[in-house]
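Input: a single structure, listed below in structure tokens.
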Amino acid sequence: MATYATTTLFLLLAMAATTTTTLCLREKGVLQMAQNHVSQAKNWVANSLRLNGFGSQSLSLSDQTSAVHVALRDCAKLYEESEFRLSHMMSQNSRYTKEDALTWISAVMTNHRTCLDGLQEKGYVQAQVLDRNLTMSLKQALVLYSRNKDIAKGPQGTISESSSGILESWSETSYKPDFTVAEDGSGSHRTIQAAVNALAAMGHNRPARAIIHVKSGVYNEKVQIGEKLHDVMLVGDGIDKTIVTGNRNVVQGSSTMGSATFDVSGDGFWARDMTFENTAGPEKHQAVAIKVSSDLSVFYRCSFRGYQDTLYVHSNRQFYRDCHIYGTIDFIFGDATVVLQNCDILVRKPMSHQSNFITAQGRDDPYKNTGIAIHGCRVRAASEFVTLKDSYETFLGRPWKKYSRTVYLKSDLDGLIQPRGWGEWSGNFALSTLFYGEYMNTGNGASTQNRVSWPGFHVLRSATEASPFTVSQFLQGERWIPATGVPFSSGI
């Protein structure tokens, strides 16, 4: 009997090992296919730039002389990021969980969609050749990771405790920054980008968590922190004291992505006591204050000021705590997995013929783990809009993409919110495939009695229904947010 039991055990272990090996091979195969298609897309973009007379020197960020060039330049950056991400996943030393894998594949898919949308926006129909192969391989990867519990390559663990609590506890007297930015020349650099470039030039000699202190001042510059520059911490002297500003916009030639005053892709980005703004105004349409593609990024006591498309939560996992977000149309948008907690969402005055939409979430595949969760926040009119708010319609959001997903949890909603709550993007588009939810909100705009009757709208009736959108479950935040020291609620 003992021999039989031992034999059975060995057989079960062998079967498990075979299953795991098969999954690993399938995982490797589908990632390799996606990587090949990303490389092909990247080469296609480079050839298109050359064919259109834009040499490698044309990738200057200040050159906006051609609509096609602007869109192709964005694509080059996006596919570079995707290639970097997939190479990391394919690396022998790479360790990640199932949720990590779903996040990163979703981000690569979002990069691809952003490229295609940008080219379409600029009328570049040749981009259709890019779409099918890469989209299909990424969909296959998402399905594979979604359906198999044991496919990931071991736990990644928590963020290193060497910087434990520093984002919350940092002060100029307690910690010496690695770089100091000051307009008056009293720091190591006069601009934020110069400090970022100096950090990048350090290579492997850089500190594990690089701290850039940006002193009070208005910094009129475009800042880019690329995908290879990880674990950067930016700390200012306070909201509306340290301001990064710009006014790039779509009307004057930028792409939506390219209009961002501040653009960060490097993982583990932390920011505190900063204001990021785009002053283009509502008449200039899409004008992004900040675009964030950094995985495991945290923003604490920051302000984001703009009108249309203020805060571009582009991709990966993001957490915002005690922040202020100002805007008019789609001013929290993108396809990240993001939680905003204890934030003030401030609606501004749009153009005379416009309505306000707070969110425009861009989930375009049902297997993506993305969405916007607004938890314990306050939605109200900005000071200049208080007396005008009844003259305009304001909605909680509208579906940018087919599987758009947004929830408001235990938030205070001012009476400026329309009784219907949510608005359409275009006719019946996405109304049955989106997921919009509300749970235990308060305030004059919180009643769900006259909300939309779309199949995709849900009044969440219990903590069990709301919990999938919490910091703990949606972001796996207990694994990485504690290292910042920033306060957070892990559950509902």
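The values are calculated or read from the model by the stated rules, or taken from the named source; none is laboratory data. Treat the numbers as computed from the prediction; the structure is a model and nothing was measured. Neighbour counts are summed over all protein chains in view; Cβ atoms, including those assigned to glycine, are modelled from backbone coordinates with ideal geometry. Protein only, heavy atoms only, side chains kept; ligands, DNA and RNA dropped before computing areas. Shrake-Rupley method; radii C 1.70, N 1.55, O 1.52, S 1.80 Å.
Quick look at the numbers
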item: Filtered residues of the range 306-355 (kept if more than 21 Å from PHE385 (Cβ to Cβ) and among the small types (Gly, Ala, Ser)); result: SER315, GLY334, ALA336
item: Among the candidates ARG461, ARG420, ARG451, residue that is in contact with an Asp or Glu (Cβ under 8 Å, 6 or more places away or on another chain) and part of a loop (DSSP other than H, G, I, E, B); result: ARG451
item: The range 458-484 residues that are within 18 Å of GLY376 (Cβ to Cβ) and free of Cβ contacts under 8 Å to residues at least 40 places away in the same chain, paired with ones that are aliphatic (A, V, I, L, M) and open to solvent by 10 Å² or more (accessible area, probe 1.4 Å) (beta carbon under 9 Å, 6 or more apart); result: ALA463/MET440; ALA463/ILE492; SER467/ILE492
item: Any hit, the range 364-380, residues being at positive phi and within 17 Å of the chain's Cα centre (by Cα); result: yes
item: Members of the range 99-118 that are within 19 Å of SER297 (Cα to Cα) and open to solvent by 20 Å² or more (accessible area, probe 1.4 Å); result: GLU99
item: Of the criteria (1) of a type in the set (Gly, Ala, Ser); (2) touching a residue at least 24 places away in the same chain (Cβ under 8 Å); (3) closer than 23 Å to TRP425 by Cβ, which one SER297 fails; result: (3)
item: Unique residue being in contact with a helix residue (DSSP H, G or I) (Cβ under 6 Å, 6 or more places away or on another chain) and among the aromatic types (Phe, Trp, Tyr) when the list is TYR312, TYR320, TYR307; result: TYR307
item: Residue satisfying all of: in the range 232-251; of a type outside the set (A, V, I, L, M, F, W, C) and buried (at least 19 other Cβ atoms within 10 Å of the Cβ); farthest from TYR175 (Cα to Cα) among these; result: ASN249
item: Tally of residues being exposed (fewer than 13 other Cβ atoms within 10 Å of the Cβ) and modelled with pLDDT of 70 or more across the range 1-27; result: 1
item: Filter result (at pLDDT below 95 and either among the β-branched types (Val, Ile, Thr) or part of a helix (DSSP H, G or I) (or both)) within the range 102-130; result: LEU116, ASP117, GLY118, LEU119, GLN120, GLU121, VAL125, GLN126, ALA127, GLN128, VAL129, LEU130
item: From TYR367, TYR436, residue being open to solvent by less than 10 Å² (accessible area, probe 1.4 Å) and farther than 22 Å from GLY306 by Cα; result: TYR436
item: Matching residues in the range 157-180 - criterion: being open to solvent by less than 30 Å² (accessible area, probe 1.4 Å), in a helix (DSSP H, G or I) and at pLDDT 75 or above; result: ILE166, LEU167
item: Test set (1) at pLDDT 90 or above; (2) of a type outside the set (Lys, Arg); (3) over 20 Å from the mean Cα position of the chain (by Cα) - ASN133 fails condition number; result: (1)
item: Output for the range 181-228, where each listed residue is open to solvent by less than 20 Å² (accessible area, probe 1.4 Å) and of a type in the set (A, V, I, L, M, F, W, C); result: VAL181, ALA182, ILE192, ALA195, VAL196, LEU199, ALA210, ILE211, ILE212, VAL214, VAL223, ILE225
item: Restricting the range 236-251 to residues that are in contact with a Lys or Arg (Cβ under 8 Å, 6 or more places away or on another chain) and part of a strand (DSSP E or B), the residue that is farthest from GLY217 (Cα to Cα); result: GLY246
item: Residue tally, condition part of a strand (DSSP E or B), touching an Asp or Glu at 6+ places or on another chain (Cβ under 7 Å) and either touching a residue at least 40 places away in the same chain (Cβ under 8 Å) or surrounded by fewer than 24 Cβ atoms within 10 Å (Cβ to Cβ) (or both), over the range 300-317; result: 3
item: Residue ID - modelled with the lowest pLDDT, chosen from residues in the range 136-152 that are crowded, with 19+ Cβ neighbours inside 10 Å and not polar (S, T, N, Q); result: ALA152
item: Test: residue in the range 285-296 that is of a type in the set (Asp, Glu) and open to solvent by 10 Å² or more (accessible area, probe 1.4 Å); result: no
item: Among (1) assigned to a helix (DSSP H, G or I); (2) touching a helix residue (DSSP H, G or I) at 6+ places or on another chain (Cβ under 9 Å) - the single one GLU384 does not satisfy; result: (2)
item: Filter result (open to solvent by 10 Å² or more (accessible area, probe 1.4 Å) and either on the phi > 0 side of the Ramachandran plot or part of a loop (DSSP other than H, G, I, E, B) (or both)) within the range 252-275; result: GLN252, GLY253, THR256, ASP267, ASP273
item: Residue satisfying condition, being more than 24 Å from LEU142 (Cβ to Cβ), touching a Phe, Trp or Tyr at 6+ places or on another chain (Cβ under 8 Å) and of a type in the set (A, V, I, L, M, F, W, C), within set ILE345, ILE358; result: ILE358
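Each row is one residue, and each column tells you yes or no for (1) more than 21 Å from HIS353 (Cβ to Cβ); (2) open to solvent by less than 10 Å² (accessible area, probe 1.4 Å).
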site	(1), (2)
LEU388	no, no
ARG398	no, no
LYS401	yes, no
PHE457	yes, no
TRP480	yes, yes
